[in-house]
Ligand code: FEC
């Protein structure tokens, strides 16, 4: 049986690790001290560190249970320990020679999933690795997000529930990906459409925006979520459900950018913002991951 490897972004495990972590994320470019300080402040605000590694390990444990004894499920990170290269070495040491890998980001971009793909390729050695490149349209993933949106809408009074606008968000990327024909924006639109169809809602009261743009000089994809939120407030909207559909786990970009920054902005505009709960180890998300592992193994003739 192939081993299974869940790969995710990576997160510093203490405030001391924030500086070296940022230098990894920035590909070795020096980080201005002000940015390191700002990011430390943000991690301190969400409890001193990101829960991303724990959440990913819980997803791995849930998946292991579903796949049964005899299938090992590993966790590897792109920008921090346990690095993808460290975990691939560990997998090779078990004597296993085939791996099904899933990036815990459902939408393909050359700058996101492509980077996971390159990290796997660089250090796989003799291992055969089958990476699931995209799963933005997997029915169980869309069911999982829909369940979270329904639960967020239930926090509003029944008399206004159907009218509460929905704002779907994902991590921004530099605009130059558009010139390369990158499918990232269209896959995000397709996921949003799949969730709206499941909710039985039209697209009139739903929008998409990008969040968490990086700190670089080049232009990043928009519209920016904070700006959309302000426009909605100006139009007189008093309620909003924000669904970070581009992320599957709790981490800094959800717990700080949405729960601190956009929440403060919403409050300052007299708006009630409810964020959908992250999928984390949701049974529907685990259904999707299980199916992706089984179908990939089948396609490769590894089952
Ligand atoms: O909880 C944590 O500690 C980790 C939160 C985290 C996630 C995440 C996901 C994505 N990123 C993506 C693209 C970029 C690009 C740059 C960039 C920079 C940062 C910085 C931090 C950070 N990202 Fe991130 N990202 C997370 C955290 N990200 C911190 C550094 C400060 C800053 O620039 O804001 C720009 C790199 C550069 O400067 O060269 C590009 C994408 C995702 C979603 C896909 C995925 O999860 O893999 C795309 C989680």
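The values are calculated or read from the model by the stated rules, or taken from the named source; none is laboratory data. Predicted, not measured: the structure shown is a model, and the values here were computed from it. We place every Cβ from the backbone using ideal geometry, glycine too, and count neighbours over all the protein chains shown.
Looking at the stretch 144-167, is at least one residue part of a loop (DSSP other than H, G, I, E, B), in contact with a helix residue (DSSP H, G or I) (Cβ under 9 Å, 6 or more places away or on another chain) and within 13 Å of the ligand (Cβ to nearest atom)? The answer is no, given that none of the residues of the stretch 144-167 is part of a loop (DSSP other than H, G, I, E, B), in contact with a helix residue (DSSP H, G or I) (Cβ under 9 Å, 6 or more places away or on another chain) and within 13 Å of the ligand (Cβ to nearest atom).
For the criterion of being in contact with a helix residue (DSSP H, G or I) (Cβ under 8 Å, 6 or more places away or on another chain) and near the ligand (Cβ under 8 Å from one of its atoms), residue 45 fails. Answer yes or no as to whether residue 130 is more than 13 Å from the ligand (Cβ to nearest atom) and out of contact with any strand residue (DSSP E or B) (no Cβ under 6 Å at 6 or more places or on another chain). No: the conditions fail for residue 130.
The set of residues in the stretch 27-46 being in contact (Cβ under 8 Å) with a residue 12 or more places away in the chain and assigned to a loop (DSSP other than H, G, I, E, B) consists of 31, 46. Does residue 70 satisfy the condition of being within 12 Å of the ligand (Cβ to nearest atom), assigned to a loop (DSSP other than H, G, I, E, B) and at positive phi? Answer is no for this residue.
Being touching a helix residue (DSSP H, G or I) at 6+ places or on another chain (Cβ under 8 Å), within 22 Å of residue 26 (Cβ to Cβ) and either surrounded by 15 or more Cβ atoms within 10 Å (Cβ to Cβ) or at pLDDT below 95 (or both): is that true of residue 72 here? Spelling it out, it is not the case that residue 72 is touching a helix residue (DSSP H, G or I) at 6+ places or on another chain (Cβ under 8 Å), within 22 Å of residue 26 (Cβ to Cβ) and either surrounded by 15 or more Cβ atoms within 10 Å (Cβ to Cβ) or at pLDDT below 95 (or both). Once the stretch 280-303 is narrowed to residues that are modelled with pLDDT of 95 or more and not in a helix (DSSP H, G or I), the residue that is farthest from residue 13 (Cα to Cα) is 301. Of the residues making up the stretch 105-127, those that are away from the ligand (no atom under 16 Å from the Cβ), farther than 16 Å from residue 27 by Cβ and outside any loop (DSSP other than H, G, I, E, B) are 121, 123. Looking only at residues of the stretch 3-26 that are within 9 Å of the ligand (Cβ to nearest atom) and part of a helix (DSSP H, G or I), we find that the one that is surrounded by the fewest Cβ atoms within 10 Å (Cβ to Cβ) is 25. The single residue among 40, 55 that is at negative phi and either touching a helix residue (DSSP H, G or I) at 6+ places or on another chain (Cβ under 6 Å) or exposed (fewer than 13 other Cβ atoms within 10 Å of the Cβ) (or both) turns out to be 40.
In the set (1) part of a loop (DSSP other than H, G, I, E, B); (2) surrounded by fewer than 19 Cβ atoms within 10 Å (Cβ to Cβ); (3) at pLDDT 95 or above, the condition left unmet by residue 182 is number (2).
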